[in-house]
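Data first, discussion second: the structure below is written as structure tokens.
The values are calculated or read from the model by the stated rules, or taken from the named source; none is laboratory data. Computed from a predicted model, the values in this text were never measured in an experiment. Methodologically, a virtual Cβ is constructed for each residue, glycine included, from the backbone with ideal geometry; neighbour enumeration extends over all protein chains shown.
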Amino acid sequence: MNSKQNKILIVDDEKNILWVLKKGLEKNNYLVDTATSGEKALEQLQKNKYLMMFSDIFMEGISGLELMEQSQKICPELKIVIMTAQDSMNNTIEAMRLGAYDYLTKPFDFDDVYSLVQKAENAQTFSPPKDIEATQSLDTATENEGNSIIGKSKSMQEIFKTIGKSAGSDLSILITGESGTGKEMIASTLHHYSKRKDKAFICINCAAIARELLESELFGHERGAFTGAVERKIGKFQQADGGTLFLDEIGDMELPLQAKILRVLQNNEYYRVGGKETLRTNVRIIAATNQNLLDMIQLKSFREDLYHRLNVIHIHIPPLRERLEDVLLLANHFISRYTKSLARGNVYLSSDVERILSGYHWQGNIRELENVIKRAVMLCLSGPILPEHLPSHLQKEDNFSNQWDDRLNQLIKDFLLNNNLKEEGLLYDTLIQKVEKHLFEIVLGTYSGKQIATAKALGINRNTLKRKIDAMKIKIKKDRIQ
């Protein structure tokens with residue numbers, strides 16, 4: 001139930017945005033005021049009490065971020081939503097770390113707006129924490145452009161928000177995701193936006209170092225601690241003191257060493273290998289893995305207590321195939337990065353290549369896409385990147401896609417010709433049920449009739465799959481696709 005007491009302030013120098021947003025909210029019985037500048041918004045805040053403020057980020061005079069800082073001093077409990085037409089990583093993270101309630105990219109869906117207002121109404125006593133004080137404006141806050149995270153998909157925007165909210169704390173963070181999704185870049189960005197950014201950011205890949213040497217790499221060793229230890233070695237924990245230590249592929253760490261990492265997280269204390277002196281450290285731990293740690297806990301190959309210590313904040317990076325709207329954005333980013341060193345002129349994507357890239361599965365995720373673009377830029381040299389500049393497997397994938405589309409078109413036409421559906425409204429359900437039944441039968445066969453694995457592969461709930469099997473009278477054939 002919307003309350004008449006819940007007033008909302010909209011701030012934007014574009015009058016059409018003010019009008020549309022005001023009408024949309026008033027339609028849901030909210031009281032709405034508008035302001036065309038940050039200065040006018042501050043005047044309104046001095047006179048009225050508001051539940052929320054929606055503010056554009058870029059305005060003449062006082063910017064949206066400056067307005068947010070000043071507004072928080074006047075009304076600490078005010079829920080502030082930043083709006084922008086530029087959905088970059090820096091904008092999102094900067095807004096969230098300065099205490100924004102949320103972040104909207106124009107053009108926005110009114111369902112998202114209503115959802116935010118409803119959420120604010122349900123938590124009127126909640127005031128989002130300001131993780132760290134702003135020391136830079138958005139114009140000067142800067143991630144190296146070559147290392148920035150790229151993504152306009154909803155899942156990536158949520159990750160940017162989490163980074164903004166958590167970067168200023170010292171809480172441990174666990175980053176999960178398939179190989180090649182950019183876990184180290186997320187960790188680096190968290191460090192960049194933290195209060196530790198002027199100190200060291202140290203990375204260590206737990207899978208890339210021989211297990212018998214990993215403890216020495218992390219904690220260091222004393223002279224004579226083992227054969228070959230001819231002098232004292234400083235470990236990563238000491239090198240990262242005051243900064244951030246990124247433990248990549250933490251799932252590959254052996255159990256005895258996991259226990260020692262747990263001790264550091266609990267007491268901030270450790271020993272060098274072969275040493276007796278208790279050393280203290282002040283580091284923020286960020287860990288990452290492409291493995292399922294919960295499954296490893298069940299198998300007794302990962303400590304449950306360490307998992308909970310690391311997983312205070314969890315960031316999961318979805319595979320690229322689940323955010324295909326980011327593919328062309330990433331591709332153009334890599335073209336910009338490599339054109340200067342590998343090409344002789346301007347390079348850009350042809351429409352055929354855009355279609356191929358947008359429809360490919362990207363098993364190797366961002367790393368695979370980067371290598372494909374790097375190769376294409378080198379082969380193209382200047383002008384449009386054509387299908388012939390892509391690896392052969394992408395060209396074959398495109399040929400298969402075209403053949404599949406042609407076959408599917410013909411099958412649908414044949415179905416329409418041979419099925420006289422007299423009752424109106426049956427066409428869609430009849431065709432979809434036929435396709436679903438064959439799909440479920442084939443995938444069930446592929447997974448030897450195992451419903452949990454089948455449901456996971458299809459991306460549906462197991463109960464939904466069971467209902468479909470019963471309703472369609474599907475016979476489970478335990479064979480596999482060759």
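Figures for the structure shown
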quantity: Count of residues meeting criterion [part of a loop (DSSP other than H, G, I, E, B) and either surrounded by 15 or more Cβ atoms within 10 Å (Cβ to Cβ) or over 25 Å from the mean Cα position of the chain (by Cα) (or both)] in the range 288-303; calculated: 7
quantity: Any hit, the range 152-175, residues being modelled with pLDDT of 95 or more and closer than 19 Å to residue 319 by Cβ; calculated: yes
quantity: Cβ pairs under 7 Å, 6+ apart, first in the range 166-182 and touching a residue at least 24 places away in the same chain (Cβ under 8 Å), second charged (D, E, K, R) and in a strand (DSSP E or B); calculated: 170/284
quantity: Unmet criterion (only one of (1) more than 30 Å from residue 320 (Cβ to Cβ); (2) touching a Ser or Thr at 6+ places or on another chain (Cβ under 7 Å)) for residue 170; calculated: (2)
quantity: Test result for residue 32, touching a residue at least 12 places away in the same chain (Cβ under 8 Å) and part of a helix (DSSP H, G or I); calculated: no
quantity: Residues located in the range 266-291, provided they are in contact (Cβ under 8 Å) with a residue 24 or more places away in the chain and of a type in the set (S, T, N, Q); calculated: 266, 281, 282, 289, 290, 291
quantity: Every residue from the range 359-373 that is outside any loop (DSSP other than H, G, I, E, B) and among the polar types (S, T, N, Q); calculated: 365, 371
quantity: Count - residues of the range 69-93 that are in a helix (DSSP H, G or I) and closer than 21 Å to residue 13 by Cα; calculated: 6
quantity: Restricting the range 35-65 to residues that are in a loop (DSSP other than H, G, I, E, B) and in contact with a Cys (Cβ under 9 Å, 6 or more places away or on another chain), the residue that is nearest to residue 119 (Cα to Cα); calculated: 50
quantity: Pair list, Cβ < 8 Å and 6+ apart or interchain, from the range 188-213 residues that are in the same structural domain as residue 261 (by TED's automatic domain parsing) and hydroxyl-bearing (Ser, Thr, Tyr) to residues that are part of a strand (DSSP E or B) and at pLDDT 95 or above; calculated: 188/201; 188/246; 194/244; 194/284
quantity: Residue list for the range 453-470, restricted to those being of a type in the set (Lys, Arg) and under 15 Å from residue 441 (Cβ atoms); calculated: 466, 468
quantity: Residue count, the range 348-384 (criterion: over 28 Å from the mean Cα position of the chain (by Cα) and surrounded by 13 or more Cβ atoms within 10 Å (Cβ to Cβ)); calculated: 6
quantity: Any hit, the range 100-110, residues being under 24 Å from the mean Cα position of the chain (by Cα), of a type in the set (A, V, I, L, M, F, W, C), assigned to a loop (DSSP other than H, G, I, E, B) and over 30 Å from residue 195 (Cα atoms); calculated: yes
quantity: Matching residues in the range 313-330 - criterion: being more than 10 Å from the chain's Cα centre (by Cα), modelled with pLDDT of 95 or more and loosely packed, with under 15 Cβ neighbours inside 10 Å; calculated: 314
quantity: Some residue of the range 52-62 being buried (at least 18 other Cβ atoms within 10 Å of the Cβ) and over 22 Å from residue 109 (Cβ atoms); calculated: yes
quantity: Test: residue in the range 112-119 that is among the acidic types (Asp, Glu), at pLDDT 80 or above and touching a strand residue (DSSP E or B) at 6+ places or on another chain (Cβ under 7 Å); calculated: yes
quantity: Positions within the range 192-223 being exposed (fewer than 13 other Cβ atoms within 10 Å of the Cβ) and under 28 Å from the mean Cα position of the chain (by Cα), in sequence order; calculated: 198, 208
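For every residue, the table says whether it meets (1) surrounded by fewer than 20 Cβ atoms within 10 Å (Cβ to Cβ); (2) more than 30 Å from the chain's Cα centre (by Cα).
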site	(1), (2)
225	yes, yes
237	no, no
241	yes, no
250	no, no
276	yes, yes
